[in-house]
Amino acid sequence: MTFGEQPAYLRVAGDLRKKIVDGSLPPHTRLPSQARIREEYGVSDTVALEARKVLMAEGLVEGRSGSGTYVRERPVPRRVSRSGYRPSGGATPFRQEQADAAVRGTWESSSRQAEAGAAIAERLGIEIGERVMRTKYLFREAGEPMMLSTSWEPLAVTGRTPVMLPEEGPLGGMGVVERMAAIDVIVDNVTEEVGARPGLAEELHILGGVPGHVVLVVQRTYYASGRPVETADVVVPADRYRVAYHLPVR
């Protein structure tokens, strides 16, 4: 194979992908069978199978038990807005994760104490095994699951205070900045790193998707005078959402 030449299965997958994108194979249309692909492109069964696997991994097609493989409906990506702007009157967890004021949503949450593993301990600047409050969120837009978030707060900061449980107490559900201010911890900086990875099985089960679908992960950390006081992983389906940033010009 010469430099730049694609393997046969990628060439076949590329042609089928083009037909899906340009509408020649519209949503809910059955993908050509393995035998049809073999005959049409003059390739082996192995190549035809691998091409179909590529399209499935990309989320363009889906298998239906006993029926075949079909072109998936392609959702129009919606926007998850991120912003350092904090509206007056407090920011709910949904607004904290989705800064677009025009978007309305609901959330479910559960909190429990846990020991910090190596990765979370490093992000929070604490020792491995130190106690943290871990809170898991499921965010919905118009009733549809659209975002997951898991946050960790060091109990050395919030333990035995009125804000120890993020969703309970007098400031429950008010967001990190307001809750920390109530215990005289002034958040003055936030960092976010955006990456992508295959979704975990439990994530895709909740958000909707098939194995291999990619999710976007926003790794966020709040700081007070250089000390991390909360870190979180925000997970959104990459095929349905785009992460957009609105940053003030200083």
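The values are calculated or read from the model by the stated rules, or taken from the named source; none is laboratory data. None of the values given here were measured: they were computed from a predicted structure. Here Cβ is always computed from backbone atoms with ideal geometry, including for glycine, and neighbour counts include all displayed protein chains. SASA here: full protein model, heavy atoms, side chains in, ligands and nucleic acids out. Shrake-Rupley method; radii C 1.70, N 1.55, O 1.52, S 1.80 Å.
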**OP:** Evaluate segment 107-119: report whether one residue or more is assigned to a strand (DSSP E or B), open to solvent by less than 30 Å² (accessible area, probe 1.4 Å), out of contact with any Leu (no Cβ under 8 Å at 6 or more places or on another chain) and at pLDDT below 95.
**Re:** no
Those residues of segment 121-143 which are within 21 Å of A156 (Cβ to Cβ), touching a residue at least 40 places away in the same chain (Cβ under 8 Å), open to solvent by 20 Å² or more (accessible area, probe 1.4 Å) and not in a loop (DSSP other than H, G, I, E, B) amount to R123
When every residue in segment 182-235 that is under 19 Å from T158 (Cβ atoms) and among the hydroxyl-bearing types (S, T, Y) is compared, the one surrounded by the fewest Cβ atoms within 10 Å (Cβ to Cβ) is S225
Pairs returned, first residue in segment 172-195 that is under 23 Å from L216 (Cβ atoms), second residue that is open to solvent by 30 Å² or more (accessible area, probe 1.4 Å) and of a type in the set (K, R), beta-carbon separation under 9 angstrom, 6 or more apart or interchain, are G175/R86; G175/R95
Within segment 152-163, restricting to residues that are closer than 27 Å to T106 by Cβ and touching a Lys or Arg at 6+ places or on another chain (Cβ under 7 Å), the one that is least open to solvent (accessible area, probe 1.4 Å) is V163
A35: passes all of (1) assigned to a helix (DSSP H, G or I); (2) at pLDDT 90 or above; (3) open to solvent by 60 Å² or more (accessible area, probe 1.4 Å) but (3)
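Within segment 56-100, restricting attention to residues that are among the basic types (K, R) and assigned to a loop (DSSP other than H, G, I, E, B), which residue is modelled with the lowest pLDDT? First the steps, then the outcome.
Narrowing segment 56-100 to residues among the basic types (K, R): 64, 72, 74, 78-79, 82, 86, 95.
From what is left, the residues that are assigned to a loop (DSSP other than H, G, I, E, B) are 72, 74, 86.
On the way: R72: 86, R74: 77, R86: 54.
Filtering first and then ranking leaves R86.
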The residue that is nearest to the chain's Cα centre (by Cα), considering only those in segment 222-250 that are more than 30 Å from E58 (Cα to Cα) and of a type in the set (D, E, K, R), is E230
Subset of segment 170-181, residues among the hydrophobic types (A, V, I, L, M, F, W, C) and open to solvent by less than 30 Å² (accessible area, probe 1.4 Å), comes to V176, V177, M180
